[in-house]
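Let me begin by presenting the structure, written as structure tokens, before commenting on it.
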Amino acid sequence: MLASLNEFIVSRMGETGPLLLAGGLGLLLILVTLPFLLRKEAEPFDKLKQQNRSSDRDKDRTAREGDLRRASDRSDKLNKFAHFLEPQDKEQMSAAKLKMLRAGYRGKNSVRMFHAMQFLLGIGLLLLGMLYTFVVSRSQELDLQAMALSTLLPAAAGYYLPTYWVQRRLQTRQEKITEGFPDALDMMLVCVEAGQSLDQSIARVAKEIGSAYPELAEEFDIVSQEVRAGKERVAVLRDMSERVGLNDITSFVTTMIQSATFGTSIAEALRVYSAEMRDKRVMRAEEKANTLPTKLTLGTMFFTVPPLMVILIGPSIHGVMKAFGGG
């Protein structure tokens, strides 16, 4: 039955008929499912608030809140798709927000935008793959495997491209923070020994290293602004450690918290820790230098040994072939 149905579709729509029909059915299912996924039911608490708003003052307040809500919705066009584009589980949502923060995306709709880009790129490249398969099949015959690869591979690439982009940006940002952290500690030590407090030193460091290490300066500036706003320094430093996600920053935060808790000298703790960070930077540089010969081995084998063999053995082989040819 399936074979006869396949032959009927091929006779009517050509070799790409089954693929086009499957893609059309998939898009139709997506379009049919989207309204159900995007439907947002009213919460019971909202219904209760609407029932209790009967007086004129409540009506005016409701109007003002509605204006603010509409202004917020206009600023965030993806707000109505939030329950579709954001994870519903609180742990997954927290992990997604933390990952976007570590990658440098601090907007409140960063998670929505990430999933929206995944959806749009996946569907868009799926359509492009189907169009490419249809055009190529007109000029040459394609088997089912080739049609599936040329259609599904672009869709998979479009879906995973935002994930790769965010992960790559996160790694690059952490590398830049790690590179600039020893210099920031040295400058902070100078500020503390000059008589400034730790909060003033952090603000000064954030201002001075902005041109060289903007990522690290941004983190220090957030710490300084939160402390000025009245948040506890311990909580601010721990938030910084969680945002960055590096062991060096975590150790620095632990050292500062222990110094403040036990009453030890912050300058002495900074001096010891900054020296340790400088040693670690030298060790990372030496590690990269030691791995360089290993990385160059493959290139040396491919680009140096073959020409050398041709130069050394080539004349001998030519002489032997000429002697046998003459004989």
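So how do 121-131, 301-311 stack up, highest first, on mean other-Cβ count within 10 Å?
121-131, 301-311
Using the Karplus relation 6.51 cos²θ - 1.76 cosθ + 1.60 with θ = phi - 60°, the per-residue 3J(HN,Hα) values for the stretch 150-159 come to 5, 9, 8, 4, x, 5, 5, 5, x, 6 Hz, with x marking Gly and Pro.
Does the stretch 172-286 come out rounded, prolate or oblate by the C-alpha gyration tensor, with a ≥ b ≥ c the root eigenvalues, rounded set by a/c under 1.5 and, if not, prolate when a/b is larger than b/c and oblate if not? Rounded, because the longest to shortest axis ratio a/c is under 1.5. Projecting the Cα atoms of Met277, Asn247, Ile266 onto the dipole axis of the stretch 172-286, where Lys and Arg carry +1 and Asp and Glu carry -1 at the beta carbon, places Ile266 farthest toward the positive end.
Here, each number is a calculation from the coordinates, and none is a lab measurement. The structure displayed is predicted, hence computed values, not measured ones. In this analysis, Cβ positions are derived from the backbone assuming ideal geometry, glycine residues included, and neighbour counts consider all displayed protein chains.
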